[in-house]
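Everything below concerns the one structure shown next.
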Ligand code: HXC
C-alpha cells in the first residue's frame, strides 16, 4: 500500500516506519497519524513482524502536531473527533516492541509519540521539547504524564512551563533516552537493537513490555504480583524450555513463537 506521509518497509522481522513530510519537519497532521495507526494495526497482526522502529529525518523526528491544522479546531470538534484517541494512541496501544530512533527535533507531539515508544535511541543532534505553552496550550498527547515519569518532576515542569529544549546529552542524563549515538549511526544502532529483540520469543517480549509498562500505572506490590503471575505463565511456553535447554546445551536458542 502506498502512503503519502510515511515510508514503510520491512527488513527481516523488523518493520520500519519513517515519517516523511520534509516540507513541515514531519509535523503530525491527521493524514500522517491515520497512516501511522493503519500501519501499526497491520504490523500487530503480521506474524512476520517482531519489532518496529519509528523514525524521522536527520533534521526532525517530528516537530509536533501540525499547528496549521490545529489552528482550525475548536473545543467541540476536538472533543467529538479526538485525534489523540482515534490515531495517536495507536502507538501507545501497540503491543509489540517499538523503538523510537530520534534525530533532530522531537517537539510537542513528536516528543510525546517518541515517549509512547518502548525506548528512545537518540542521535547526538536530537532535541526534545514540549513547547506547546508558547502556542497558548499545553501538551495534549501524554506529555504532562509521561515526561515526569521519564525525567522527574523538576525537569518536566521546567520543560513544559518554559518550553525550552533538552539536547541529547541532557536527555540521556535525565533518563528520557536509553542511548545516544552519532547521527550517522542512528538507524544502524536502532536496527541492531530491533533485530536483537525480533529474534526473541515474541510472546515473552510482549509480556515483558506489558509488565514494564505496569510499573508506570500501579503500585510496587501490585506490580510485582503482576510480574510474578506473568513470569509463572511463561513456563507454559515451549520457548521457555527451548531457551533454558539451549543455555544448558551451550547453543543458541531457536524460539518457536516469533
Ligand atoms: C506545522 C510546522 C511545524 C508544526 C514546523 N513547521 N513545525 N508546520 N506544524 N508543528 C513548518 C514551518 O511552518 C515551515 O513551513 C517548515 O516546517 C520549516 O520550519 P521552520 O520553522 O522554517 O524551520 P526552523 O527555522 O529550522 O525551525 C524549526 C523549529 C520550528 C524550531 C522546529 O519549526 C518550530 O518551532 N516548530 C513548531 C514546534 C512546536 O511548537 N511544536 C508543538 C506543536 S503543538 P513553511 O511553509 O513556513 O516553510 C503539539 C500538540 C500535540 O504538538 C497535541 C496532540 C493531540
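No value in this document is a laboratory result; all are computed from the given coordinates. Note that this is a predicted model, so its numbers are computed, not measured. Note that we place each Cβ from the backbone using ideal geometry, even for glycine, and neighbour counts take in every protein chain shown.
Just from its helices, what would the mean residue ellipticity at 222 nm be for the chain, if runs of 4 or more DSSP H residues each count -39500 (n - 2.57) and the sum is divided by every residue, rounded to the nearest 500 deg cm²/dmol?
-13500 deg cm²/dmol
Assuming a ≥ b ≥ c are the square roots of the Cα gyration tensor eigenvalues, decide whether segment 168-258 counts as rounded (a/c under 1.5), prolate (otherwise, with a/b larger than b/c) or oblate.
On the way: a/c = 2.86, a/b = 1.24, b/c = 2.31.
In terms of gyration-tensor shape, oblate.
Given 0.36 nm per residue, what is the gain on full extension from residue 134 to residue 67 after removing their alpha carbon distance, in nm? Provide the component values of the computation, followed by the final result.
On the way: separation 67, 0.36 × 67 = 24.12 nm, distance 1.17 nm.
Working it through step by step, the gained length comes to 22.9 nm.
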FRET efficiency estimate (nearest 0.05) - Cβ-Cβ, residue 249 to residue 216, R0 51 angstrom: 0.85
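Any idea what the relative contact order of segment 102-178 is, in percent, if you count C-alpha pairs under 8 Å spaced at least 6 apart?
36
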Report the normalised scattering of segment 6-198 as log10 I(q)/I(0) at q = 0.11, 0.12, 0.15, 0.17 Å⁻¹, calculated by the Debye formula with identical scatterers on the alpha carbons. -0.44, -0.53, -0.84, -1.09
Here FRET efficiency (C-beta to C-beta, residue 80 to residue 23, R₀ 30 Å, nearest 0.05) is 0.55
For residue 225 and residue 153, what is the calculated FRET efficiency with R₀ set at 22 Å and r taken between the beta-carbons, to the nearest 0.05? 0.20
Helix 30-45 axis, angle to the chain major axis (alpha carbon atoms, nearest 10°): 10
Which order do 29, 111, 51 fall in if you start with the one that has the fewest other Cβ atoms within 10 Å? 29, 51, 111
Sort 105, 79, 3 by Cβ crowding within 10 Å, fewest neighbours at the top. 79, 3, 105
Between 0 and 90°, nearest 10: helix 202-217 axis offset from the chain longest Cα axis: 50
Take residue 241 and residue 196, extend 7 Å from each Cα along the Cα→Cβ direction, and tell me the distance between the two endpoints in nm. 3.0
Can you tell me the 0 to 90 degree angle between the C-alpha axis of helix 238-248 and the longest principal axis of the chain, rounded to 10? 70
Sorted from fewest to most neighbouring beta carbons within 10 Å, what does the list 49, 98, 121 look like? 49, 98, 121
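Would you mind classifying segment 1-110 by shape? Square roots of the alpha carbon gyration tensor eigenvalues, ordered a ≥ b ≥ c; an a/c under 1.5 is rounded, otherwise it is prolate if a/b is larger than b/c and oblate if not. Spell out each step's value before the answer.
Details: a/c = 2.10, a/b = 1.39, b/c = 1.51.
Judged from the Cα gyration tensor, segment 1-110 comes out oblate (a/c at least 1.5, b/c at or above a/b).
Give the relative contact order (percent, whole number) for segment 6-198; include only Cα pairs under 8 Å separated by 6+ residues.
On the way: 391 pairs, mean separation 40.9, N = 193.
This gives 21 percent for segment 6-198.
For segment 201-249, state the average projected area of the convex hull of the C-alpha atoms over all orientations, rounded to one decimal in nm². Show your work: numbers first, answer last.
On the way: hull surface 14.0 nm².
Average projection, Cα convex hull of segment 201-249: 3.5 nm².
Apply the a/c threshold of 1.5 to the C-alpha gyration tensor of segment 103-253 and tell me whether it is rounded, prolate or oblate. Mind dumping the intermediate values first?
On the way: a/c = 3.15, a/b = 1.67, b/c = 1.89.
Oblate.
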